[in-house]
Structure formats: C-alpha cells, structure tokens
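The values are calculated or read from the model by the stated rules, or taken from the named source; none is laboratory data. Bear in mind that the values here come from a model prediction, so they are computed numbers and not experimental data. A quick note on method: Cβ atoms are made from the backbone with ideal geometry, for glycine too, and the neighbour counts reach across all protein chains shown.
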Amino acid sequence: MTALPMWLRAALYATAVMNVLVGLAFASGSATLLAATGMPAPVPAFYTLTVGMFVALFGIGYFAVARGDEPERLFLALAGSGKLCFVALVFSLFLAGSLPARAALAAAADLPFGLLFVGWVLTTRT
C-alpha cells in the first residue's frame, strides 16, 4: 500500500480545518457570514444546516484520512472531485450573473485541494 506523502497529509489537515470552519459557518445560518462569502442570504435553516452538515462531515473525513496509516483512495477521489465540482458550479453561477465575484473568490480556495487530491489519485498506484 502506498503511504500518504507528507505534502498530501498537510493538505488534508488544512482542508479539514477549512471544511469544519466553513461547515459551522453555514450551519449557523448567519446571514452576515453567508453574505460575506457571496452566498445567498437569508436562506431557510434547512438548507444552511444541510450544507453545513455535509461540509463539516467531509472536514472530519479529511482529518481522519490525514491521521490514518493508509490512503483512502475512494474518499480522496470523491472529495477532490466534489471540490472541483463546487468550484465549477460557483464559477458558472458567477459567470451567469447569479453570484458575486466574492463567491467565486471564496470557492477558489477549494481549487488547489481538489487538484491535489484528484491528481494524487490519478498518478499513484496502490
């Protein structure tokens, strides 16, 4: 089994912290926090809690994979693809005029992590 390189472990820890904090921010439903990132606000609590829950759960998953002894290729593939899809979605909505530029800038933080995770899965054999 291929061990996680230190750079990948560091990226997992960094995105774990980012996801947990963003998940908590969404779950709070704070219109101020959502508006600061360019996300629509106010939004019904069901939506902010659902998004917050999934983002935070992925953060916990990133932390678990970073601490583990074996790489979780499926998790890294799904999580990295999810990050890239989120960036594409937000940028598409920005280009369509549905979201402000600050939303695209905030989403751009996921781009390097998504590229690193998917890139590692595609270039590493077990």
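Numerical summary
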quantity	calculated
Lone qualifier among A27, A16 - being buried (at least 20 other Cβ atoms within 10 Å of the Cβ) and either over 21 Å from A101 (Cα atoms) or touching a strand residue (DSSP E or B) at 6+ places or on another chain (Cβ under 8 Å) (or both)	A16
Residues within segment 40-54 that are touching a Phe, Trp or Tyr at 6+ places or on another chain (Cβ under 6 Å) and not polar (S, T, N, Q), tallied	2
Filter pass, A66 being within 25 Å of T124 (Cα to Cα), surrounded by fewer than 20 Cβ atoms within 10 Å (Cβ to Cβ) and hydrophobic (A, V, I, L, M, F, W, C)	yes
Filtered residues of segment 26-73 (kept if within 13 Å of the chain's Cα centre (by Cα) and not β-branched (V, I, T))	F26, G52, M53, F54, A56, L57, F58, G59, G61, Y62, F63
Within segment 82-126, tally of residues that are farther than 19 Å from G59 by Cα, touching a helix residue (DSSP H, G or I) at 6+ places or on another chain (Cβ under 7 Å) and of a type in the set (V, I, T)	2
Among the candidates G97, G52, G38, G82, residue that is part of a loop (DSSP other than H, G, I, E, B) and without any contact (Cβ under 8 Å) to a residue 60 or more places away in the chain	G97
Residues of segment 1-50 that turn out to be over 23 Å from L93 (Cα atoms) and modelled with pLDDT of 85 or more, as a count	18
Residues that are among the polar types (S, T, N, Q) and within 16 Å of A106 (Cβ to Cβ), drawn from segment 29-71	S30, T32, T37, T48
Residue that is more than 19 Å from W7 (Cα to Cα) and crowded, with 19+ Cβ neighbours inside 10 Å, where the choices are A88, A103	A103
